[in-house]
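*Asks:* I'd like to ask some things about the structure below.
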Amino acid sequence: MSKEKEIRSVWKLIILHLFPGIVFSIIYVFLLKVGIFENYPKLFIFSLAGIFSIIPLELGYLFYVAKKEVGSFNIFKILGLESKLKVKEYIFYTLSLFIVTGILMTALKPLSNNLLNTVFSWIPSSYNYVQDMSQFDRNIIILSILVRFFIFTLILPIIEELYFRGYLLARMKWMGKYSVFFNVILFSVYHFWSPWLIITRIISMLPLYYFVYKKDSLKLAILVHCLCNFTDVVAFIALLVKI
């Protein structure tokens, strides 16, 4: 990534990181208020919020920049972190980083729950998208598995990594060693819909994205992000088997 294409305005970086999350949260709350899919898991409403915010805003902005900089809508021409690893390296690093991230997330779960019940207790429980899925019938759980897999394991994580790491982090190299820290903090705050997880996300994701940055590999970031989200699909399948 050439230096002239770096984003050196801190305020612009903050806006680009946070704005999609703000829109996502507004749409999510709005859809909850109007009662769309009120008899279905909140996961369905959550997915709609992502479809109407993350896809048009993050992917749309990448198309806009690509058209502006290279004259076409080929977003891969404007992305950084282009280093290619060997297949064995991808497998080893992906599994290792997945395990490390999972251990940190699990270890910090009590902290997240404590923050939810104290600092963020003012947030109505009806806004929390995490639900006990056992209350729904088999067909709804099957639909939830499909939504979890295609929307939250493939589409949205890939777009987020293209936008946050492939585009934003790659253009923050002027910050040196602080670029990853700044990117991770803003990416964690971007999840406005679950503020009690901000600290957990920062601590859990720092090792992951610092390693991704050092290896200069966007594909590695995508693989780990998708694999982490796939654990929810596995949990839903396990629930389905019990029914």
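*Asks:* Looking at the structure I just gave you, is LEU43 hydrophobic (A, V, I, L, M, F, W, C), surrounded by 15 or more Cβ atoms within 10 Å (Cβ to Cβ), farther than 30 Å from TYR178 by Cβ and within 17 Å of the chain's Cα centre (by Cα)?
*Replies:* Details: hydrophobic (A, V, I, L, M, F, W, C): yes; surrounded by 15 or more Cβ atoms within 10 Å (Cβ to Cβ): yes; farther than 30 Å from TYR178 by Cβ: yes; within 17 Å of the chain's Cα centre (by Cα): yes.
When the stated conditions are applied, LEU43 passes them.
*Asks:* Counting residues that are in contact with a His (Cβ under 8 Å, 6 or more places away or on another chain) and either without any contact (Cβ under 8 Å) to a residue 12 or more places away in the chain or among the acidic types (Asp, Glu) (or both), which helices (runs of 4 or more DSSP H) fully inside segment 145-235 reach at least 2?
*Replies:* Details: elements: 156-161, 178-190, 198-215.
Per the criteria, 156-161.
*Asks:* On to the next question. Can you pull out every residue in segment 125-136 that is part of a loop (DSSP other than H, G, I, E, B) and either at pLDDT 90 or above or under 20 Å from the mean Cα position of the chain (by Cα) (or both)?
*Replies:* Just the residues of segment 125-136 that are part of a loop (DSSP other than H, G, I, E, B), to begin with: 128-132, 136.
Of everything in segment 125-136, those that are part of a loop (DSSP other than H, G, I, E, B) and either at pLDDT 90 or above or under 20 Å from the mean Cα position of the chain (by Cα) (or both) turn out to be ASN128, TYR129, VAL130, GLN131.
*Asks:* Output the qualifying pairs, or none if there are none: Cβ atoms under 9 angstrom, residues six or more apart or on different chains, first residue in segment 72-90 and farther than 20 Å from LYS3 by Cα, second residue small (Gly, Ala, Ser) and surrounded by 13 or more Cβ atoms within 10 Å (Cβ to Cβ).
*Replies:* These pairs meet every condition: SER72/ALA66; PHE73/ALA66; ASN74/ALA66; LYS84/SER217; LEU85/SER217; GLU89/SER217; TYR90/SER217.
*Asks:* Return the only residue of VAL189, VAL184 being out of contact with any Asp or Glu (no Cβ under 9 Å at 6 or more places or on another chain), buried (at least 21 other Cβ atoms within 10 Å of the Cβ) and either of a type in the set (S, T, N, Q) or at pLDDT 95 or above (or both). Give the steps one after another, and end with the answer.
*Replies:* Working: VAL189 fails: buried (at least 21 other Cβ atoms within 10 Å of the Cβ).
Answer to the selection: VAL184.
*Asks:* Have a look at PHE46, PHE76, PHE24, PHE63 and point out the one that is under 19 Å from LEU143 (Cβ atoms) and not in a loop (DSSP other than H, G, I, E, B). Working first, answer last.
*Replies:* Numbers: PHE76 fails: under 19 Å from LEU143 (Cβ atoms); PHE24 fails: under 19 Å from LEU143 (Cβ atoms); PHE63 fails: under 19 Å from LEU143 (Cβ atoms).
Being under 19 Å from LEU143 (Cβ atoms) and not in a loop (DSSP other than H, G, I, E, B) holds for just one of PHE46, PHE76, PHE24, PHE63, which is PHE46.
*Asks:* Which of the following residues is modelled with pLDDT under 95 and buried (at least 17 other Cβ atoms within 10 Å of the Cβ): ARG165, ARG148? Lay out the reasoning, then the answer.
*Replies:* On the way: ARG165 fails: modelled with pLDDT under 95.
Just one listed residue meets the conditions, ARG148.
*Asks:* Moving on. For residues that are free of Cβ contacts under 8 Å to residues at least 12 places away in the same chain and not in a loop (DSSP other than H, G, I, E, B), scanning just segment 114-124, find the one that is farthest from ALA49 (Cα to Cα).
*Replies:* Within segment 114-124, the match that is farthest from ALA49 (Cα to Cα) is ASN114.
The values are calculated or read from the model by the stated rules, or taken from the named source; none is laboratory data. Since we're looking at a predicted model, the values are computed, not measured. Heads up, the Cβs are rebuilt from the backbone with ideal geometry, glycines too, and the neighbour counts pull from every protein chain shown.
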